[in-house]
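Q: Quick one: structure below, then a few questions.
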Amino acid sequence: MMQAKKTLSTLGVLKALSLLAVVGMLLAVPPAHAQNVASQKAYFGSGQTEILNPNGGVVLSGYMKTSSVGDLLIGFSMECALWTSTSTTATKGGTRTTSTARAAVNVTVYVDGTQAEPGQVVYCDRQQTVSLQFSSLTVEVTDAITLDLFLKTKNANHFNFYRNNVGSGVHYVEVKVDSLVSPDPNAPADPGTRAVAGKRSLVIEEYNNP
């Protein structure tokens, strides 16, 4: 009976050690989300959430596994909305007054952390400048005129980026969007001057550029 108990105890210890070894092996394996990407000729991704005044963050990304050809063509389409607001006041007999507001949205694509050609691309850019001069035949020095101007537009644009000689393997592509917003300090805060990135889509393809 004593020998049987020792045998059972030894088997329990061996099972526990085997379990710990399996757990250790699983913990030692790195995440395989990129390495397990299947061989593919194209990748597609999209997003719909609007981004107000984007500051250079990643808006879309994807993995692409290439062959020995190792060239990537990256097409990015995006809605781009711009709001510009200006307010100009001129007094009788005064000089010409000017107000300016500007808004823009730019896109940069990176492959494995390296900027894709042709670098940063302007998807939309508007500078709104208004000048005003008030002339009057009256004698009141309090005469004045104010012009408020607000424009809001939205359009969709597309551009093809590329990265040559990336080599075979899995590559990480990310699209970063930033904006330039320069408001008129005298314009109303609402609605104000804004830049907005809207609906967008990303297509990555492997190609052979002879």
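Q: If I stretch the segment between SER168 and ARG96 completely, what's the gain in nm (0.36 nm per residue apart, minus their alpha carbon distance), one decimal?
A: Numbers: separation 72, 0.36 × 72 = 25.92 nm, distance 6.19 nm.
Stretched out fully, the SER168 to ARG96 stretch lengthens by 19.7 nm.
Q: Then there's this: Extension gain ALA144-SER46, at 0.36 nm per residue separation less the Cα-Cα distance, in nm?
A: Working: separation 98, 0.36 × 98 = 35.28 nm, distance 5.07 nm.
So the extension gain works out to 30.2 nm.
Q: Could you put ARG194, ARG126, ARG96 in order of accessible surface area, largest first, with the 1.4 Å probe and the full protein assembly present?
A: Numbers: ARG194 70, ARG126 40, ARG96 145 Å².
Sorted descending by solvent-accessible area, the residues read ARG96, ARG194, ARG126.
Q: Further question on the same structure: Rg and Dmax of the range 110-210 over Cα atoms: what are they, in angstrom?
A: Cα radius of gyration and Dmax of the range 110-210 are 22.9, 80 Å respectively.
Q: Quick one: if the Förster radius is 25 Å, what FRET efficiency do ASN186 and THR153 give, using the C-beta to C-beta distance and rounding to 0.05? The partial results should precede the final answer.
A: Values: r = 22 Å, r/R0 = 0.87.
Once the sixth-power term is evaluated, E becomes 0.70.
Q: On a full-extension model of 0.36 nm per residue, what is the gain between GLN120 and VAL58, subtracting their alpha-carbon distance, rounded to one decimal in nm?
A: Working: separation 62, 0.36 × 62 = 22.32 nm, distance 1.38 nm.
Gain on stretching GLN120 to VAL58: 20.9 nm.
Q: With all distinct Cα pairs included, what does the Kirkwood hydrodynamic radius of the range 40-168 come out to in Å, to one decimal, could you say? Don't skip to the end; give the middle numbers.
A: Numbers: mean 1/r = 0.0540 Å⁻¹.
Averaging 1/r across every pair of different Cα atoms and inverting gives 18.5 Å.
The values are calculated or read from the model by the stated rules, or taken from the named source; none is laboratory data. All values derive from a computational prediction rather than experimental measurement. Because the Cβ atoms are built from the backbone with ideal geometry, glycine has one as well, and the counts that use them run over all protein chains shown. Each accessible area value is taken on the protein alone, full model and side chains, heavy atoms only, with ligands, DNA and RNA left out. Shrake-Rupley method; radii C 1.70, N 1.55, O 1.52, S 1.80 Å.
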